[in-house]
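For reference, the structure is listed below as structure tokens.
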């Protein structure tokens with residue numbers, strides 16, 4: 001890994017570790033945590049986002065394998081079939097609309113919904129159980145992914161509304177993210193976003209990524225259902241606040 005200081009490597013490793021611990025614990029949030037910190041520390045997201053995607057792959061494969069009996073691959077296939085066309089639509093809209101207002105509004109909505117799940121859900125709950133609800137969530141996620149690179153919130157909200165166990169919730173999301181990663185990596189490679197430098201970084205950071213994922217999985221096994229719901233709600237709120245702050249008018 002040429003021309004890298006020890007301090008730079010340790011900072012990147014710490015950011016990767018934190019993201020993977022959160023990812024393996026909750027089933028989402030790695031991009032929210034790590035990409036935001038990469039943007040703050042380095043700003044070179046064109047380099048770090050494709051690199052981080054490769055580092056998420058071991059976590060996704062490991063968690064998916066351990067939760068393989070909980071996977072619903074037909075549901076995952078429906079999510080992908082719904083999200084991929086609207087992903088292209090979102091990318092096209094990116095060139096025709098001002099995304100900052102949309103991202104700011106989305107951030108506020110996510111904060112409101114995260115607060116609802118944190119403070120009100122036990123007293124007033126609703127569920128999205130119909131097939132078209134999942135299609136709508138996946139389609140909305142595709143649009144948001146094309147516009148902002150943030151496809152998760154609609155699907156996270158959908159699965160939270162089902163009040164799944166923490167194991168089923170994480171398994172459902174990680175299986176979807178794994179399939180999306182397998183689509184994105186060839187796309188990034190085709191766009192020339194991988195280089196010898198980025199692959200050196202990946203090789204050096206793989207042990208950090210895998211070890212952090214194992215720690216996150218151990219923490220997942222130890223937290224209670226109630227604590228897990230609070231953690232995922234807080235992560236939603238933080239993601240909404242970051243999205244709103246980064247795109248405030």
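Each reported figure results from applying straightforward, stated rules to the coordinates on display, with no laboratory input. All values reported here derive from a predicted model rather than from experimental measurement. Virtual Cβ from ideal backbone geometry, glycine too; neighbours counted across all protein chains shown.
Given a cut-off of under 8 Å on Cα pairs at least six residues apart, what relative contact order in percent is computed for the chain? For the chain, the relative contact order is 39 percent. Pick from 42, 52, 28: which residue has the top mean-square fluctuation in a GNM of the chain where Cα pairs under 10 Å get a spring? Of 42, 52, 28, the Gaussian network model singles out 42 as fluctuating most. Comparing mean-square fluctuations of 218, 17, 172 from a GNM of the chain with C-alpha springs under 10 Å, the top value falls on 218. With an a/c value under 1.5 for the gyration tensor axes a ≥ b ≥ c computed over the alpha-carbon atoms, region 6-246 is described as rounded.
For the chain, what is the calculated [θ] at 222 nm in deg cm²/dmol (nearest 500), taking -39500 (n - 2.57) for each run of four or more DSSP H residues and dividing by its residue count? Taken over the chain, the calculation gives -26500 deg cm²/dmol. Computed extension gain for residue 163 through residue 227, at 0.36 nm per residue and net of the alpha carbon distance, reaches 21.7 nm.
Neighbour counting of Cβ atoms within 10 Å sorts the residues 163, 170, 222, fewest neighbours leading, into 222, 163, 170.
Report the full-extension gain for the segment residue 84 to residue 245: residue separation times 0.36 nm, less the Cα-Cα distance, to one decimal in nm.
Details: separation 161, 0.36 × 161 = 57.96 nm, distance 2.75 nm.
Working it through step by step, the gained length comes to 55.2 nm.
For the pair residue 191 and residue 204, label points projected 7 Å from Cα toward Cβ lie 2.4 nm apart.
Please give the FRET efficiency for residue 7 paired with residue 181, using the beta carbon to beta carbon distance and R0 = 35 Å, rounded to the nearest 0.05. Provide the component values of the computation, followed by the final result.
Details: r = 29 Å, r/R0 = 0.84.
Step by step, r from the Cβ atoms, then E = 0.75.
Among 225, 60, 167, rank each residue by its count of other Cβ atoms within 10 Å, from fewest to most, as a rough exposure measure.
Numbers: 225 13, 60 25, 167 17.
Ordered from fewest to most neighbouring Cβ atoms within 10 Å, 225, 60, 167 come out as 225, 167, 60.
Do me a favour and compute the ellipsoid semi-axes for region 151-249 from its Cα gyration tensor, root of five times each eigenvalue, largest one first, whole Å. Present the calculation step by step, with values, prior to reporting the outcome.
Working: eigenvalues 152, 77, 44 Å².
Equivalent-ellipsoid dimensions as semi-axes: 28, 20, 15 Å.
Quick check: Cα centre of region 171-249 to Cα centre of region 25-85, how many Å? Computed from Cα coordinates, the inter-centre distance equals 4 Å.
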